[in-house]
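Shown next, in structure tokens, is the structure this report addresses.
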Amino acid sequence: MSERQWAVGDEVSGFVLSEVSPLQEYKATGYLFRHIATQMEVYQVVNDDKELFFSYVFRTLPNNDAGVAHILEHCCLAGSKKYPVRDPFMTLLKGSTNTFMNAMTYPDRTMYPAASPLQKDFDNLFSVYTDAVFAPLLREETFQQEGVRMVCEGDVCHFEGVVYNEMLGGSADHDSIVGRNSVRSLFPDTPYAFDSGGDPEYIIQLNYQQFLAFYSKFYHPSNCKLFIYGDMSVGEKLQMLDSEYLRSYAKLNVDSLVPLSEPWKAPRKTSFTSPVEEGEAQGGDSVVLSWATCEASDPLSLITLSTLVDILLGNPGAPLYKALLDTKLGKDISPESGMSGDFREMPFTVGFKGIDSEKAEEAQTLILSSLKDIVDKGLDSSLIASSMKRSRFKQQEIPGGFPNGFRALNRSLKGWLVDRSPSATIVTAEPLQALEDALVANPRYFEEWIQQHLLDNPHRCLVTVKADSEHEKRQMATIEKYAQAQAQALGKKGLKSLAQQNEHFVAFENEGDTVEDKQKVPYLKLEDLPSEIEPNIYEEHCIAGRKLYLKKMFCNKIAYADFAFQLEDLTERELLLMPLYIRLLQMTGIGDMEYPQVTNKLKSLTGDTNLYVEMGSSHEGPDKMLLVCRTRTLIEDFSEALTFLHSLFTEANVADLERLQAALINIKGDYVDNITYAAHSFASLSASSIFSTIQYEGEQLSGLDQWFFLENLHDEQLFLVAEEFKALQEKLNNRKRLILHLGCDEDLAPTLVPSYEKFVLLFDEKETIEAKLRSYEKVSQGITHAVELYRLPSTVSYSAYVLRTSKRGSDEQAAQVLLGQIITGNDLWEKVRAQGGAYGVSAHADVMEELFFFSSYRDPRIAGTLADFTNTLELYTTKEVDPSDIENALITTVGNDLRPLSPSQNSILSFRRILYNISDDFRTKRRNQLLGMKSEHLNEGAKALLAYAKTEDSFVVIAGLQLLETEKAKNPVLDRPSRRLPL
Ligand SMILES: [Zn+2]
């Protein structure tokens, strides 16, 4: 499409342009098109963002708890007219560089979003999604598979189905029961009173006809909104939409706007139960108070409430949080406390978790009196100021994580869903300014808001959720009773035809897709990827005698300062203490300034500050051992923030025994919290530790060994540790340790660099850092077959098997990188996950450390999984690998580099590449090696891995005692003592 000037009223492909709005904050223009015949709306936000994004949005209002919107979301993705395969998305995924792909059901809408940095990939995604929403097959078998179906043996019947099972699990979690019911109770006269995800007791009552009727009503173009975002031509998709889909529709009046609830004249209360294991019920209840506040479509109300939540509940020291904790009425405040902008009227919720439900009235009185207290005394102005600062920071920063388009869509929907223009709520700078103005005009703005919308507002509900060991029995009894009634109603004849139907269903399930149908799904080819890598462009400066690497990029006036202290000269003991030392730095005072003030000051000066130790091998250079500090600030705070960080590093109260104790508890608590979901990572780190000094130290500093070390630090030793910390602080205060990186806007560098230099000069000048040669007995000397077993209370295992790869930069290593990718998605998935029953499995080569990792996650086996790992390698020594499997693996591997990065991500990636000598030449060479891979290279790569395994390998298992015992018989290497983790 050629460049053209657009004006309101222009018509194109059956659409009329109804609004054009400049969106400065997105460096974009918004175009709102309306389809003349059906009234479907398309909002296209055009800017130069390379991460292209779109989402279909349908308002879908439930009128019962059967979860029909959720089931429909699953079924739309299970085959459509143009792409009649069972799972077009899995097929598409294999050859896609998408950065986001999802489908989600909300209480009042269903969304189908996706994003990609490549136009061709975007077009593929758009085509498959469009056909999925406007031309899904919605076969009855699909409804039975994804939704629910009754299965009988004789006349004993039960239910099966993906969403039915998902919600049996989903409805069980105590906190989500609190969250869901606190909102549902507030709006009993609206669709929000129903469970859009589905309540199993009602899902079983849904039938196929009701399901189809829901589709016809809500998935009509007249009820559809399409959002498109990024660097594309204006109106690009309109012609295809009109000619291929919309022409066959006439306008339909769909009543899908959520009504406002009738305001209450008096507060209400209600109670629910949640499942719990017998004997655990005592004091495990929740009591929360919920209010219906203002409409989310009012941008000032939205930012007022979200800022207020940060002020009142942002951390355990925040006024409302602290007041409630101090009452000791519950173990903690409910994690459901806070606000939500996802409903037409925003709920605000606060309350207790781990409380006795008998104390509900007392809890209500305390919450109200705490709020009244806050209003009477007034909020601390420095608290308000740091929250406002944070809001401004968030508003200004170009964030990572989700695609920018997804964030823009969610903002625009606040207005768009209630029939306002999407441009009315997409911007955030104006409402933030309005809030700042309101605070200047009235310093008691927040207090008055609390008075009016909370204290004086009778539209509030006291919700009690009682943990009840009978809950599940009642639910299952209801479902069983319904099943038996159905069976009786069907009679002998009905049951027979149901059995036939189920046979038909099983046959459907077993019959796969035809090759012809599979080929209809579009996917990328290698030649669609850009032929060159994105170079790492930076400048090298010298400030105060230290290296500064400067990366100039668009940062929207935020400075990203990452700097590292070299630690290569530290002793083994000093390194071991480093993680606790860093934790303490973030949890203690500075001079007279107490810890909460330090936190508040950091929060007001920086968007975020992170400290961590990192180490690794560098390409053609010595190993690195570093304390990294990452911080980001508004440019006007840059200098002050750095000065403050200097005092944190050099003057923090690192010998404060009370804080030291708190830091020790805190860091050990992290191990306990992380172990079950990261156990495979801990196993991998532990298994790799025998291969090199740097890997060994990695385990010592951040693995299980560090955990055991912390566990053995007793209170009486802390006095000694405090002394060691003082010496460490002194030792680290040396500017010769520093390596600096700065990511910022080009025009701001001349003012920021001198501030950075002043920061460096604040540190003492001491001796040059000389790397200490450290060696460890446990590191392999060339022949090792290591096996370590750890125990934790669990019925499953997490295991890691590690070997050496070929040399970095060799063709053979490139083949091993690709091999990891291919076997993860194919062979291991099939054997360890599908057949073996593990929840997750992976294989990958670590290029820099020259190691090959296998790991399994939540695995019911141990010996069998280890055998699968080595047998898979064995298989690939001769297997002829399908060229399309190689191509798909390459698209995923090479395509990973295309993912657009936020300035923060870009800054640290650039710094890491510099630190570890990963040059553009090295990256280009690796990419070309990968692209040249053929089946025989993979065979050679597998052979080399097996040859390495003959002399050195390492196997680590973290599992439950019972499983370790039963697996002993299956492989004699498992017949050895295990070590209990300090849980
Ligand atoms: Zn689902």
| request: Over the alpha-carbon set of region 194-335, divide Rg by the Kirkwood Rh and report the Rg/Rh ratio to two decimals. | output: 1.08
| note | Once phi for every residue in region 900-907 is put through the Karplus expression 6.51 cos²θ - 1.76 cosθ + 1.60 (θ = phi - 60°), the whole-Hz ³J(HN,Hα) values, with Gly and Pro written as x, are x, 10, 6, x, 5, 5, 4, 5
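Which length gain, in nm to one decimal place, applies between GLU936 and GLN905 when the Cα-Cα distance is subtracted from 0.36 nm times their residue separation?
Between GLU936 and GLN905, full extension yields 7.5 nm more.
Please report, in debye to the nearest 20, how large the charge dipole of region 398-530 is about its Cα centre when each Lys and Arg carries +1 at its beta carbon and each Asp and Glu carries -1 there.
Working: 16 positive and 19 negative charges, 123 e Å.
Roughly 580 debye for region 398-530.
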| message | Can you return the lysines within cross-link range of LYS601? Criterion is Cα-Cα under 19 Å, with same-chain partners fewer than 8 residues away left out. | response | LYS322, LYS389, LYS394
| said: At a 4.7 angstrom Cβ threshold, list every cysteine in the chain that has nobody to pair with, or say none. | reply: CYS75, CYS76, CYS224, CYS294, CYS461, CYS542, CYS555, CYS629, CYS744
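Evaluate E = 1/(1 + (r/R0)^6) for ASP326 and GLU358, where r is the Cβ-Cβ distance and R0 equals 25 Å; express this FRET efficiency to the nearest 0.05.
Details: r = 21 Å, r/R0 = 0.82.
After rounding to 0.05, the efficiency reads 0.75.
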| query | If packing is taken as the mean number of other Cβ atoms within 10 Å per residue, what is the order of 50-58, 923-931, 904-912, highest first? | reply | 50-58, 904-912, 923-931
| message | For region 636-751, compute the orientation-averaged projected area of the C-alpha convex hull (one quarter of its surface), in nm². | response | 10.7
| field | Sites ASP48 and GLN395 - FRET efficiency at Förster radius 22 Å, r taken between beta-carbons, to 0.05 | value | 0.60
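Taking region 544-762, how much of its Cα-Cα pair set, in percent, is spaced more than 31 angstrom apart? Don't jump to the answer; show the numbers that get you there.
Numbers: 5874 of 23871 pairs.
Considering region 544-762, 25 percent of its Cα-Cα pairs are separated by more than 31 Å.
Once the Cα gyration tensor of region 465-604 is found, what semi-axes does its equivalent ellipsoid get, as square roots of 5 times the eigenvalues, in whole Å, sorted largest first? Mind dumping the intermediate values first?
Values: eigenvalues 797, 258, 56 Å².
Gyration-tensor ellipsoid for region 465-604: 63, 36, 17 Å.
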| query | Which net charge results when you count Lys and Arg as +1 and Asp and Glu as -1 among the other residues whose beta-carbon is under 14 Å from that of ALA193? | reply | -3
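Report the extension gain between LYS120 and LYS525 in nm, rounded to one decimal, defined as 0.36 nm multiplied by the number of residues separating them, less their alpha carbon distance.
Working: separation 405, 0.36 × 405 = 145.80 nm, distance 1.00 nm.
Contour length minus Cα-Cα distance gives 144.8 nm.
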| task | Enumerate the amide H contacts of THR784 below 5 Å, restricted to partners 5 or more residues apart or on another chain; note that Pro and chain-start residues carry no placed amide H. | result | GLU952, ASP953
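Show me the three semi-axes of the equivalent ellipsoid for region 773-837, from the C-alpha gyration tensor (sqrt of 5 times each eigenvalue), largest first, rounded to whole Å. Write down the numbers at each step before the final one.
On the way: eigenvalues 143, 115, 14 Å².
With the √(5λ) rule applied to region 773-837, the semi-axes are 27, 24, 8 Å.
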| query | What order do you get for 100-113, 319-332 when each peptide is scored by the mean count of other beta carbon atoms within 10 Å, highest first? | reply | 100-113, 319-332
| query | Using a basic spin-label model with each label point 7 Å from the Cα along Cα→Cβ, how many nm lie between ARG247 and VAL506? | reply | 4.6
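Could you tally the net charge around GLY616, taking each other residue with its Cβ under 11 Å from the Cβ of GLY616, Lys/Arg +1 and Asp/Glu -1?
Summing Lys and Arg as +1 and Asp and Glu as -1 gives -3.
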| query | Distance in nm between label sites at ARG976 and LYS766, each 7 Å beyond Cα in the beta-carbon direction? | reply | 4.1
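What is the sum of charges, Lys and Arg at +1 and Asp and Glu at -1, for the other residues whose Cβ falls under 15 Å from the Cβ of PRO530? Walk me through the numbers on the way to the answer.
Working: positive: LYS50, LYS120, LYS525, ARG899, ARG923, ARG927; negative: GLU51, ASP121, ASP231, GLU527, ASP528, GLU532, GLU534, ASP897, ASP920.
Around PRO530, the surrounding residues sum to -3.
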| request: Determine, at each q value in 0.12, 0.16, 0.25 (inverse angstroms), the log₁₀ of I(q)/I(0) that the Debye formula gives when each Cα of region 133-201 is one equal point scatterer. | output: -0.47, -0.74, -1.05
| message | Cross-link candidates for LYS772: which lysines have Cα within less than 18 Å, leaving aside residues fewer than 8 places away along the same chain? | response | LYS624, LYS731, LYS736
| note | Short to long, in 10 Å steps from zero, the percent of alpha-carbon pairs of region 784-980 per bin is 8, 32, 32, 21, 7, 0
| said: Counting only protein heavy atoms and a 1.4 Å probe, tell me what percentage of the chain's accessible area is made up of carbon and sulfur. | reply: 50
| task | Set the Förster distance to 56 Å, then compute FRET efficiency between GLN661 and ASN928 from the Cβ-Cβ distance, nearest 0.05. | result | 0.55
| query | Based on the Cα gyration tensor of the chain, what are the three equivalent ellipsoid semi-axes, each the root of five times an eigenvalue, rounded to whole Å and given largest first? | reply | 44, 38, 33
| query | What list of ³J(HN,Hα) couplings, whole Hz, do you get for region 846-859 from phi and the Karplus terms 6.51, -1.76, 1.60, once you set θ to phi - 60° and write x for glycine and proline? | reply | 8, 4, 5, 8, 6, 10, 10, 10, 10, 8, 10, 10, 6, 10
| query | Within region 914-944, whose backbone N sits under 20 Å from a point 7 Å along Cα→Cβ of LEU875? | reply | 934-944
| field | Amide hydrogen neighbours beyond the local backbone of ASP608, cut-off 5 Å, H modeled | value | ARG632
| Each residue of region 863-874 in turn: what ³J(HN,Hα) in whole Hz from Karplus with 6.51, -1.76, 1.60 and θ = phi - 60°, glycine and Pro shown as x? | 4, x, 5, 4, 5, 4, 4, 6, 5, 5, 4, 4
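The values are calculated or read from the model by the stated rules, or taken from the named source; none is laboratory data. Since we're looking at a predicted model, the values are computed, not measured. Every residue, glycine among them, receives a Cβ derived from its backbone with ideal geometry; neighbour counts consider all protein chains shown. Each accessible area value is taken on the protein alone, full model and side chains, heavy atoms only, with ligands, DNA and RNA left out. Shrake-Rupley method; radii C 1.70, N 1.55, O 1.52, S 1.80 Å.
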